[in-house]
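Data block below; observations after.
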Amino acid sequence: MSIFRRKGGSSAPETLPAPQDHAPGAVWIGAGARLEGEIVVSDDICIQGRLDGSVESSSNVTVSDSGEVEAQIRSRNVEIHGKVVGNIEATGLAKLGPTASLTGTIHASGVDVQPGAVFEGTIRLHGRRSGGKDAE
């Protein structure tokens, strides 16, 4: 299941999958949790609570509607539905859902900002130029 695909093309906010719908090993930070520090994981991580610090995943990072993050985020793909203050580095796609609020810099291969999302910052897209060199 892709966390970046909306079923049926509806414009309604997406419902995040339940923990059991993610691959084994996915990390969940529950709505009542508050964490401070550095989190490094190789699997998906979904943040429903509060996180201050940094998070790094070689997979996907999702911040749910109830999530509040003040951190640097590095991963393959990032999907935001809650509030984030910090910079995002994604080797793939950064998506801001209709309930997202982001203050910071996005550095990614692609960005999808849904109507209703609030974004204050800058976007740097990276990709491939002809000849195999990265484009900025």
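Readers should treat all values here as calculations from the given coordinates under stated rules, not as data from a laboratory. The model shown is predicted, which means the values in this text are computed figures rather than measured ones. FYI the Cβ positions are ideal-geometry reconstructions off the backbone, even for glycines, and counts take in every protein chain you see.
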- Task: Answer yes or no as to whether ASN60 is in contact with an Asp or Glu (Cβ under 6 Å, 6 or more places away or on another chain) and crowded, with 22+ Cβ neighbours inside 10 Å.
- Result: yes
- When every residue in segment 34-57 that is small (Gly, Ala, Ser) and in contact with a Ser or Thr (Cβ under 7 Å, 6 or more places away or on another chain) is compared, the one surrounded by the fewest Cβ atoms within 10 Å (Cβ to Cβ) is SER42
- Query: Any chance segment 92-106 includes a residue that's basic (Lys, Arg) and touching a residue at least 24 places away in the same chain (Cβ under 8 Å)?
  - Reply: yes
